[in-house]
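Each remark here refers to the structure printed beneath this line.
Laboratory data are not the source of any read-out in this text; all were calculated from the coordinates shown. Just so it is clear, the model here is predicted, and its values are computed rather than measured. Every residue, glycine among them, receives a Cβ derived from its backbone with ideal geometry; neighbour counts consider all protein chains shown.
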Amino acid sequence: MSIDDFLDLLNYAKSINDGQWQADIVESLKNFNAASEAQAREEHVHELWSRFDHINLQLLELFDKLREDEASGDSYRWKEQIWELKLERITLAKQIQERYIKIR
C-alpha cells in the first residue's frame with residue numbers, strides 16, 4: 001500500500017467515526033514512515049559503498065599505470081588524481097562511519 005492509500009483509509013475512517021480504525025491507520029502510517037526512512041538510509045549506505053569500491057578500482061588502475069610507465073609525461077597527472085581519489089575515499093569512509101557504523 002502507498003501512503004495515499006493509508007490517507008484515503010484514514011479519511012474514510014474519520015467519515016464513519018471509527019476511532020479505533022483511525023488509531024490503527026495512524027499507527028500503520030508511523031510504521032510505514034519508519035520503514036521507508038530505514039530503507040532510504042540503507043540505500044544511501046549502499047551508494048556510499050559502491051562509490052568507495054569504484055574509487056578503489058580507479059586507484060588500482062592509476063597505480064598500475066604508474067608502475068608500468070612512471071617516466072611518462074602523464075605521471076604527474078596520475079599522481080594528482082591518486083591524491084584526489086584518496087581524499088574523496090577518506091570523506092566517504094567518514095560518511096559511512098557516521099551513517100552505517102555509527103562511529104564518530
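Brief remarks follow.
- ³J(HN,Hα) computed for each position of the range 65-76 - Karplus, 6.51 cos²θ - 1.76 cosθ + 1.60, integer Hz, glycine/proline x: 4, 5, 5, 6, 8, 5, 7, 5, x, 8, 4, 5
- Note on the range 6-75: with charges restricted to the Cβ of Lys and Arg (+1) and Asp and Glu (-1), its dipole about the Cα centre is near 440 debye.
- Radius of gyration and Dmax over the Cα atoms of the chain, both given in Å: 24.7, 81
- Ignoring lysines fewer than eight residues from K30 along the same chain, the ones with Cα atoms less than 29 angstrom from its Cα are K14, K102.
- FRET efficiency for the pair E61 and A93, taken as 1/(1 + (r/R0)^6) with r the Cβ-Cβ distance and R0 = 30 Å, rounds to 0.90.
- A cut-off of 5 Å between modelled amide H atoms, ignoring neighbours fewer than 5 places along the same chain, links D18 with no other residue.
- Modelled label positions at E27 and Y12, each set 7 Å beyond Cα in the direction of Cβ, lie 2.0 nm from each other.
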